[in-house]
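What follows is one structure encoded as structure tokens, with my remarks underneath.
Laboratory data are not the source of any read-out in this text; all were calculated from the coordinates shown. Everything quoted here is computed from the prediction, not taken from an experiment. Don't worry about glycine lacking a Cβ; one is built from the backbone with ideal geometry, like all the others, and counts go over all protein chains shown.
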Amino acid sequence: MISHLPVLQVIVPLMAAPLCLLLRRAQLVWLFALLASSLAFLISILLLQQVMTSGVISYELGGWEAPWGIEYRIDKLNAFLLLIITAISTVVLIAAQTSIEKEIPKEKHTLFYILYLLSLTGMLGIVSTGDAFNVFVFLEISSLSAYALIALGNDRRALWASYQYLIMGTIGATFILIGIGLMYQMTGTLNMEDLSQRLPQVAQTRTVFTAFVFVIVGVCLKLALFPLHLWLPNAYAYAPSIVTVFFAATATKVAIYLLIRFTFTVFGLSFSFTTLPLQGLFLTLGLAGIFVASSAAIYQKNVKHIFAYSSIAQVGYIIVGISTSTVMGLTATLLHLFNHALMKSAIFLALGAVVYRLGTIQLSSFHGLGRQMPLTMAAVTIGGLSLIGVPLTVGFVSKWYLLIALIEKGWWLVAILILLGSLLAVVYVWRIVEAAYFKEPLAGSMPVKEAPMLFLIPIWTLIIANIYFGLDTRLSVQVAQSAAQGLFGVSP
Amino acid sequence: MIFSLEVMLQLTIAIPLLAILGIIFARKNPNIREGITITASIVLLYIVINLYQSLLSGKTVNVFWWEIMPNLSISFSIEPLGMIFALIASFLWLITTIYAIGYMRSHQEENQTRFYSFFALAICAVMGIAFSDNLFTLFVFYEVLTLSTYPLVTHAGTDKAKQGGRVYLGILLSTSIAFFLLAIASTWFITGTLDFKQGGIFSANIDKTIAGALLVLFIFGIGKAAIMPFHRWLPAAMVAPTPVSALLHAVAVVKAGVFTILKVCVFIFGLDLLAILPTTQFLLYLAGASVLLASLVAMRQDNLKARLAYSTISQLGYITIGALLATSSGVIGSSMHIATHAFGKITLFFCAGAILVAAHKSNISEMRGLGRQMPFTMMAFFIASLCIIGLPPTAGTWSKWFLLMGTLEAEQWTLMMVLILSSLLNIAYLLPIPFLAFFPNISAKNNQGAENATTNIQIKEAPLASLIAIGIAALACLILFIYPNPLYELATAILDTERVTYGK
Amino acid sequence: MIIGLFNDWVVVVLMMIGLYIVIAHGNLIKKLVGLSIFQTSVYIFYISMAKVEGGSAPILAESIKQFSNPLPHVLILTAIVVGIATTALGLALVVRIKEAYGSVEEEDIQHLDNQTQTESPKKVLEGDQA
């Protein structure tokens, strides 16, 4: 059983998805999905433990030997990502039933859970697999279910957002497919490990350059790197709240994982960062993303939009971390993956609670909410402080590491810019805090109650995690650091 | 004492937090709520005094909480400079609470529970700052202080208050994140530690340019010290209720700023290094300019609180200068000035609040002849003014004396002139207020004021609780003149004097 | 040279046509058509790269010494399935968009969306139950 964990990680949610259809009753389906997700979470914990103690796990799917068959390869990086995804997914699911009762018509509830589990399967698959083509397949599994999930939003703009995402996402995925094809053409293998050994021999050919560019652009479309981010704000804003939470916390993370995997493992550090000007490119785009997206966030009226733009900005920080191409920088990136997942899921879940009570998410409807929904708004505030990077929250930890990485690199100007960027976060977070605590409710607005327990429990679990991992960084830092070192170890 | 010293040290931080719980718990009953606040402040003061005695007897107390990242821990210890700060803050918390009860009630402010809770949180942060054992701990509590005082600044909830709150938070957070954090991270990167150490933590062969740049980052980053051009938050924060302005902007927040600067100068850079850095001179002149300009601006303010605010900026400049002079007298003067200015300024703010509550006046031009109506308040105002100016028989004399000595030791003649000039300006903008209050006819050209004065002769002072607070604070200004020894001893103990090489 | 790579030229031309349609056309159906053409070009790319000069179909037989590579075909079968799913989902979305907006033209939809945003705040609140 233990030896089959890598594949079970993906199989469990995959199998659970069609089984949902048999259960019919929404409540049951919810509990079943929660069970499946918890199981996946448990598996990911076991996997992480196993990887941390005994190193890389290689699993041959169907018993076919590695370069020919599909290999699932779990190293510290994958295990870390799997943990993040399954943990967030499980916590988010707790609130799911309550939330979708208000936002999705009853007959579609089962459908929602099926799509959710499929999307989870896709993400877990992308992360677990060690096969480049398999990545594409899982990418499409998660994306197709994502388009459908977003279209479940009950605003008609959700449809339009979903359509736009579909077009952009498909172009991105197809780009990745082309890149993989070109790589296969040059090396005759699809196994990532194999690729990383064979690519250096043909590295100086134009085909490999092209392959690299296609893959990188495709992945960047998926992770909403500025200026390829246009699909993201509306998709996040009009999707059902639960979907927003789930994707904001995990989907971009998976894309970033792909980026790291391709640049560091498959193509190798020296190719990605010395042969090609990836460093300058990432640095510029990352910084531009931070400033453009944060400034855009300041002017939004829809609170989900504010945090959607903030997500794009946070991707900027992550990319800047990658662009340092040092162990320290990558550690900061991985930490921020984890930390950002924690804070964004907490914030968006709290916003989901607001939607549940208010039915709207405009900033103007937040007036006076600090009194009416004190626990929810406190969560938004703490999450926001974490986003800014105030000490004692997780946001500070990753920002600190990023700062040290930049200083280590001697990039003083970038360090200052990063800090200035987080000041923009202060502005947009404070607009919400001010509205909630220091403005009188709009005339004629109904008084609302605090969010139901099924919301508050997951929200505060995440918030406490935000603070806990801001204080006790041993676990997250250790895993991130050794994952980063692992990436530098394997690359030539 | 039943507790060990370590426990007591942690209690200084825990007691305000416990008080918050009590305050929230008793929110329905104002008497109990304020009883809890006062009890907490008395207990806190008692504990701090106990710690003070243990410090005098030469014991060292260290408390380690936890390590957040490798070599970055939250830990506390007691040293003389922090002791001065903690003593003042805990003593003045008590007085301010007494004052606030009178003020808030007679002013019928809303949200008093929120007010007392965040007030206690701010004190908790101040204790954390005062006893922090390393720069990281200090930074954490520094940010807590910023955030916890924001609701106090915007207490009134009006648009003006929110505007003020935005400026306040904006400047303090941006400087601390953009400069202070960068400076801390760089220091950590260069030295591998952030512990406060006598003589500094930089090795002797550090690149002077980098260290100089770091010093600039530190001085600008510690926005709470209100060195121009990052001083705008102080006047903006004056929209807060008077007790808040008094405690936070005469004591806690601004003093946390200059205290941090002193800490950084003495324990991170060390005076020897500080004296030879290329940027020190520039920063000294900047602080000097801040002193003079703020005094000049203060002269032009008609709103009493605004005038006091600019006066604070100017006095903070003194302390920064004292720290940057890198001489023992400078440091002694600075640390004493933290105390003496705190007493003087808090009295002035109390008086301003009392005038607002009793006579509903906030502009200086309206205060002519007020001395007959509020003689007690105005006397206190007079004493406190002397203290700020630095004239006997008040405590301010000593700190200014040492600051001047510091400039002499460092042979900074320009700065000496700046300090003297600014003291003259202090006289010009502070003393006329009590004089005109008592002798409205002194300038004959305005007869209207005199008539006003004669018609309003019955005495109408602020509430008793506020008066007691004013009395204690003013008395403290006088007592510290006659009996400055404890303060002086603490201040001299900051530096291991033998180790200091004077000047360059 | 040019003729030797003629299959690649076909791929590139199809790819550009597909992308151009996606970008340039405002009609949502036409966009999907463009997307399909774009994806099809990739199928052709994969299949053409599997061809080995002189190789025949990969069937194990005595007389055949050289095979074409069967793997890309298999891969692209998967990709075709994915492509069909994408197109189907896209079309389904277009149907719903047509129901909700009454149009399948990008311009109209954006126009309608902008209207919702500039209408009175009350209306926006109602229309924004996202």
Point to revise | Nearest 10 degrees, 0 to 90: helix A:156-187 Cα axis against chain A principal axis | key: 10
Revision key, fill the gap. For chain B, the longest principal axis of the Cα atoms and the Cα long axis of helix B:135-153 enclose an angle in degrees, to the nearest 10, of 20
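Using only Cα atoms, what Kirkwood radius does the protein assembly as shown have, in angstroms?
On the way: mean 1/r = 0.0311 Å⁻¹.
When all Cα pairs of the protein assembly as shown are included, the Kirkwood radius is 32.1 Å.
Taking the Cβ-Cβ separation of A:E408 and B:F25 as r and a Förster radius of 51 Å, what is the calculated FRET efficiency to the nearest 0.05?
Values: r = 48 Å, r/R0 = 0.95.
Calculated transfer efficiency: 0.60.
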Exercise for review: About the Cα centre of chain B, how large is the charge dipole given +1 on each Lys and Arg Cβ and -1 on each Asp and Glu Cβ? Please answer in debye to the nearest 20.
Suggested key: 1200
Review point. In whole Å, what three semi-axes, largest first, describe the equivalent ellipsoid of the range A:277-486 built from its Cα gyration tensor (square root of 5 times each eigenvalue)?
Key: 32, 19, 12
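Cα convex hull of the range B:292-339: mean projected area in nm², to one decimal?
Values: hull surface 13.1 nm².
Dividing the Cα hull surface by four gives the mean projection, 3.3 nm².
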Check your understanding: Between C:I59 and A:I467, what is the spin-label point distance in nm, taking each point 7 Å from the Cα along the Cα→C-beta axis?
Key -> 7.2
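Which whole number gives the average count of other chain Cβ atoms within 10 Å of the Cβ atoms across peptide C:99-112? Walk me through the numbers on the way to the answer.
Values: counts 2, 6, 4, 0, 0, 1, 0, 3, 0, 0, 6, 1, 0, 3.
Mean shielding by partner chains, rounded to a whole number: 2.
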Point to revise | Interatomic Cα distance distribution for the range A:41-118, bins of 5 angstrom, percent | key: 3, 14, 16, 15, 15, 13, 10, 8, 5, 1
Practice item. Kindly list the residues of the range A:202-242 that lie in the label zone of C:V12, defined by a backbone N under 17 Å from the point 7 Å along the Cα-to-C-beta vector. Key: A:205-214
Review point. When we measure straight from the Cα of B:K162, which aspartates and glutamates land under 18 angstrom away, once same-chain ones fewer than 8 places off are left out?
Key: A:E434, A:E440, B:E109, B:E110
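Are there any helices in chain C, counted as whole DSSP H runs, that stretch 27 Å or more along their axis by Cα and score at least 0.0 on average by Kyte-Doolittle, and if so which? Provide the component values of the computation, followed by the final result.
Values: long enough: C:28-50 (34 Å, 1.29); C:71-101 (44 Å, 1.61).
Result, helices passing both filters: C:28-50, C:71-101.
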Revision key, fill the gap. Nearest-0.05 FRET efficiency for B:T193 and A:Q485 at R0 = 30 Å, using Cβ-Cβ distance, is 0.80
Check your understanding: So what's the net charge close to B:I171: Lys and Arg +1, Asp and Glu -1, counting the other residues with Cβ under 10 Å from its Cβ?
Key -> +3
Revision key, fill the gap. With the dipole of the protein assembly as shown defined by +1 on each Lys or Arg Cβ and -1 on each Asp or Glu Cβ, the option from A:L475, A:L442, C:V42 whose Cα lies farthest towards the positive pole is A:L442
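With runs of 4+ DSSP H residues as the only contributors, calculate the mean residue ellipticity of chain A at 222 nm using -39,500 (n - 2.57) per run, divided by the residue total and rounded to the nearest 500. Each step should come with its number before you reach the end.
Working: 19 runs with 371 residues, N = 492.
The per-residue figure over chain A is -26000 deg cm²/dmol.
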Review point. So what's the gap between the Cα centers of the range A:414-441 and the range C:47-95, to the nearest angstrom?
Key: 52
**Study point:** Ordering of C:55-66, A:454-465 by packing [mean C-beta count within 10 Å, highest first]
**Key:** A:454-465, C:55-66
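Average partner chain C-beta neighbours within 10 Å, per residue of A:165-173? Could you put the intermediate results ahead of the total?
Working: counts 1, 9, 9, 1, 1, 12, 7, 0, 5.
Across A:165-173, the average partner-chain Cβ count within 10 Å equals 5.
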Check your understanding: A:L276 to A:A288: extension gain in nm, 0.36 nm per residue of separation minus the Cα-Cα distance?
Key -> 2.3 nm
Exercise for review: Express in whole angstrom the spacing between the alpha-carbon centres of the range B:169-245 and the range B:14-43.
Suggested key: 33
Study note, to complete from the structure: Taking a crude spin-label model, label points 7 Å out from Cα along the C-beta direction, the B:K460 to C:N114 distance in nm is 6.2
Study note, to complete from the structure: Dividing the alpha-carbon radius of gyration of chain A by 2.2 N^0.38 Å, where N counts its residues, gives 0.92
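What does the convex hull of the Cα atoms of the range A:1-98 come to per residue, in Å³, rounded to a whole number? Provide the component values of the computation, followed by the final result.
On the way: hull volume 9.3 nm³, N = 98.
So the per-residue Cα hull volume is 95 Å³.
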Point to revise | Backbone N within the range A:143-168 under 18 Å of label point (7 Å from C:V81 Cα along the Cβ vector) | key: A:143-146
Check your understanding: Can you give the angle from 0 to 90° between the axis of helix A:109-128 and the longest principal axis of chain A, with both taken from C-alpha atoms, to the nearest 10?
Key -> 30
**Study point:** Summed residue charge, Cβ within 14 Å of A:L77's Cβ, Lys/Arg positive, Asp/Glu negative
**Key:** +2
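What's the ranking of A:336-347, B:411-422 by average number of surrounding C-beta atoms within 10 Å, highest first?
Values: A:336-347: 28.7, B:411-422: 17.8.
Most protected by this proxy first, the peptides run A:336-347, B:411-422.
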Exercise for review: Tell me the label-point distance for the pair A:L454, C:E99, using the 7 Å Cα-to-Cβ offset, in nm and rounded to one decimal.
Suggested key: 2.6
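What does the structure give for C:89-95 when I average, per residue, the other chain Cβ atoms found within 10 Å of the residue Cβ?
Details: counts 10, 6, 0, 4, 11, 3, 1.
If you average over the peptide's residues, the count of other-chain Cβ atoms is 5.
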Review point. By per-residue mean of other Cβ atoms within 10 Å, what is the highest-first order of A:366-375, A:182-191?
Key: A:182-191, A:366-375
Point to revise | Positive-end residue of A:T376, A:I88, A:S311, charge dipole of chain A with Cβ unit charges | key: A:T376
Check your understanding: Semi-axes of chain B's equivalent ellipsoid from the Cα gyration tensor, sqrt of 5 times each eigenvalue, largest first, rounded to whole Å?
Key -> 35, 27, 20
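Give me B:E143, A:E101 sorted ascending by neighbouring Cβ count inside 10 Å, so fewest comes first. Could you put the intermediate results ahead of the total?
Numbers: B:E143 24, A:E101 13.
Lowest count first: A:E101, B:E143.
With a sphere of radius 15 Å drawn around the Cβ of A:G218, what net charge do the other residues whose Cβ falls strictly inside it have (Lys, Arg +1; Asp, Glu -1)? Please report the intermediate quantities before stating the final value.
Values: positive: A:K222, A:R261; negative: A:E140.
That works out to +1.
For chain B, what does the helix formula give at 222 nm: sum of -39500 (n - 2.57) over DSSP H segments with n ≥ 4, over the residue count, nearest 500 deg cm²/dmol?
Helix contribution divided over all residues of chain B: -23000 deg cm²/dmol.
Given chain C, report the % of alpha carbon pairs whose separation exceeds 19 Å.
Values: 5496 of 8385 pairs.
So the portion of pairs separated by more than 19 Å is 66 percent.
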